[in-house]
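Some notes on the structure that comes next.
The values are calculated or read from the model by the stated rules, or taken from the named source; none is laboratory data. As the structure is a prediction and not an experimental result, all values here were calculated from the model. As a convention, Cβ positions derive from the backbone with ideal geometry for all residues, glycine included, and neighbour counts pool all protein chains shown. Areas reflect the complete protein model, heavy atoms only, side chains present, ligands, DNA and RNA absent. Shrake-Rupley method; radii C 1.70, N 1.55, O 1.52, S 1.80 Å.
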Amino acid sequence: QVQLVESGGGLVQPGGSLRLSCAVSGITFSLYTMGWYRQVPGKEREWVALVTDTGYTAHAGSVKDRFSISRDNAKNTIYLDMNALKPEDTAVYYCNGRKIGDSRQEYWGQGTQVTVSS
């Protein structure tokens, strides 16, 4: 079975930091572009960041100065390091994997809640 399991979410004060992890199993990890998305109730799911097999990264404009995505192929894990968190970062964060050359093979985790509040 393919599994993407997020962890690391929680409650943090504005200005704080958090590291999210996504452990992946059941696929050849190195053949997938990995990413993070987030979603607030009543709004569309928003792309946050991606990292390719070659290590190329990209981040959404709303987070690019504060968040950093990375991957550890030896551990089949991706991370999202979040700094200077704002209340508007509050969302459920989802891990995503999309196969290189076959984007129809796509997988999602169940999400982890991040709440930024005083």
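Find the residue count for segment 76-101, including only residues that are in a loop (DSSP other than H, G, I, E, B) and not charged (D, E, K, R).
Residues of segment 76-101 in a loop (DSSP other than H, G, I, E, B): 76, 83-86, 90, 100-101.
Adding the requirement that they be not charged (D, E, K, R) leaves 76, 83-85, 90, 100-101.
The total comes to 7.
Across segment 73-97, the number of residues qualifying as open to solvent by 10 Å² or more (accessible area, probe 1.4 Å) and either aromatic (Phe, Trp, Tyr) or over 13 Å from the mean Cα position of the chain (by Cα) (or both) comes to 12. Got a sec? Which strands (runs of 3 or more DSSP E) wholly within segment 1-72 have at least 3 residues that are touching a helix residue (DSSP H, G or I) at 6+ places or on another chain (Cβ under 7 Å), open to solvent by less than 30 Å² (accessible area, probe 1.4 Å) and of a type in the set (Val, Ile, Thr)? The strands (runs of 3 or more DSSP E) meeting that bar number zero.
As for segment 30-39, it holds no residue that is at pLDDT below 95 and in contact with a strand residue (DSSP E or B) (Cβ under 8 Å, 6 or more places away or on another chain).
In segment 1-28, the residues that are touching a residue at least 12 places away in the same chain (Cβ under 8 Å) and farther than 18 Å from residue 78 by Cα never reach a residue that is assigned to a strand (DSSP E or B) and among the aromatic types (Phe, Trp, Tyr) with C-beta atoms less than 7 angstrom apart, at least six apart or across chains. Note on segment 51-72: residues that are under 10 Å from the mean Cα position of the chain (by Cα) and within 15 Å of residue 6 (Cα to Cα) total 2.
Scan segment 98-118 for residues that are under 15 Å from residue 20 (Cβ atoms) and open to solvent by 30 Å² or more (accessible area, probe 1.4 Å) and the total you get is 4.
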